[in-house]
1. Considering the chain as a Gaussian network with a 10 Å cut-off on Cα pairs, which listed residue, 24, 52, 76, attains the greatest mean-square fluctuation?
2. Kindly list the residues of the stretch 57-74 that lie in the label zone of residue 105, defined by a backbone N under 17 Å from the point 7 Å along the Cα-to-C-beta vector.
3. Hey, what angle do you get for helix 30-49 against the long axis of the chain, alpha-carbon based, 0 to 90 degrees rounded to 10?
4. Could you give the nm distance between label points at residue 89 and residue 67, where each point is 7 Å from its Cα heading toward the beta carbon?
5. So what's the back-of-envelope 222 nm ellipticity for the chain, counting only DSSP H runs of four-plus at -39500 (n - 2.57) apiece and dividing by all residues, rounded to 500?
6. Kindly express, to the nearest 10 degrees and within the range 0 to 90, the angle between helix 15-26's C-alpha long axis and the longest C-alpha principal axis of the chain.
7. May I ask for the angle, rounded to the nearest 10°, between helix 97-106 and the longest principal axis of the chain, with both axes built from Cα atoms and the value confined to 0 to 90°?
8. Starting from the coordinates of the alpha-carbon atoms of the chain, obtain the Kirkwood hydrodynamic radius over all distinct pairs and give the value in Å to one decimal.
């Protein structure tokens with residue numbers, strides 16, 4: 001898939017792809033790395049889902065933030081029927097400075113000289 005505005009291709013990278021790259025980088029088995037990645041993601045999710053877990057900050061990488069969305073009445077665009085949407089918790093991610101710097105550099109959007 002290509003983003004016509006930005007002019008770059010989009011490819012989805014999954015958890016398994018990342019596990020393989022990290023295993024190769026560290027010279028560890030994929031099974032060991034997979035165990036660590038799964039444990040990290042599980043702990044991240046349980047922290048955010050917990051009663052006190054509304055924010056997880058990974059310095060310079062980014063911050064995961066749990067927000068509350070209020071209940072609302074929306075309209076089905078096809079039928080124009082009113083639909084009640086219940087209140088819910090959402091997870092937002094705000095990229096940190098190091099992540100933004102890497103992404104901008106890789107996309108050719110580095111700082112002007």
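No value in this document is a laboratory result; all are computed from the given coordinates. Since we're looking at a predicted model, the values are computed, not measured. Positions of Cβ are generated from backbone atoms using ideal geometry, with glycine treated the same way; all protein chains shown enter the neighbour counts.
1. Most flexible of the set in this elastic network: 76.
2. Zone members listed by number: 60-62.
3. Result, in degrees: 30.
4. My value for the distance between the label points is 1.6 nm.
5. On the way: 3 runs with 42 residues, N = 113.
Computed mean residue ellipticity for the chain: -12000 deg cm²/dmol.
6. 20 degrees
7. With rounding to tens, the tilt is 70 degrees.
8. Working: mean 1/r = 0.0556 Å⁻¹.
Evaluated on the chain, it is 18.0 Å.
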